[in-house]
Structure formats: structure tokens, C-alpha cells
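I have placed the structure first, in the form of C-alpha cells, so that the comments after it can refer back to it.
The values are calculated or read from the model by the stated rules, or taken from the named source; none is laboratory data. Note that the coordinates shown come from a computational prediction; the quantities given were computed from them, not determined experimentally. Neighbour counts are summed over all protein chains in view; Cβ atoms, including those assigned to glycine, are modelled from backbone coordinates with ideal geometry. Note: accessible area is taken over every heavy atom of the protein model, side chains too, but ligands, DNA and RNA are not part of it. Shrake-Rupley method; radii C 1.70, N 1.55, O 1.52, S 1.80 Å.
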Amino acid sequence: MPRYEFRCRACGDTFEVNRPMTQAGDPAACPQGHSDTVKLLSTVAITGRGAGASGGLPAMPPAPAGGGGGCCGGGCGC
């Protein structure tokens, strides 16, 4: 079941709620009982290899010489 992270605007507490995706947009009261909360944007990072993985993920190509990062790896010049 997905886990959603919220922050209470009244007390500043950050807390998590496990709920089905169909309820992702529903409000959540903080553990202190306040109802003024906001859902936070969570990020996920997956690294390493799991047991039984054969070969893992392909390596990222090297960055072009003089290229920056930006939104597309430096291709747009941002």
C-alpha cells in the first residue's frame, strides 16, 4: 500500500499515512489532531542490486565534454 507524507501547518509535525491510491488526495489529520495539513512531494531512490539480479541496470553514459546538467543533460544549453 502506498505511503504518503504530510506536514501539519499548525504544529509543523511531519507524518506518514498508508492508504490506497484511490484515497491519495483525501485530507489527513495530524497525530496531534490538527486538520490543516498538506501532502508533501516524496521522492524514491533505488540503488544497488537486489538478490538474484543478473547484470543490474545499464551504466549511464559519460557526460559530454563541457556539457552541463540542466533539464536535458546540456543538450538545450540551459
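Residue-wise test of (1) on the phi > 0 side of the Ramachandran plot; (2) loosely packed, with under 10 Cβ neighbours inside 10 Å; (3) of a type in the set (Lys, Arg).
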{"residue": "Met21", "(1), (2), (3)": "no, yes, no"}
{"residue": "Gln32", "(1), (2), (3)": "no, no, no"}
{"residue": "Val44", "(1), (2), (3)": "no, yes, no"}
{"residue": "Gly48", "(1), (2), (3)": "yes, yes, no"}
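Filtering segment 7-16 for residues that are open to solvent by less than 90 Å² (accessible area, probe 1.4 Å), of a type in the set (Val, Ile, Thr) and not in a loop (DSSP other than H, G, I, E, B) leaves a non-empty set. Screening Thr22 with (1) part of a loop (DSSP other than H, G, I, E, B); (2) without any contact (Cβ under 8 Å) to a residue 12 or more places away in the chain gives one miss only, at (1). Checking each residue in segment 1-18 for being at pLDDT below 95 and of a type in the set (Lys, Arg) picks out only Arg3.
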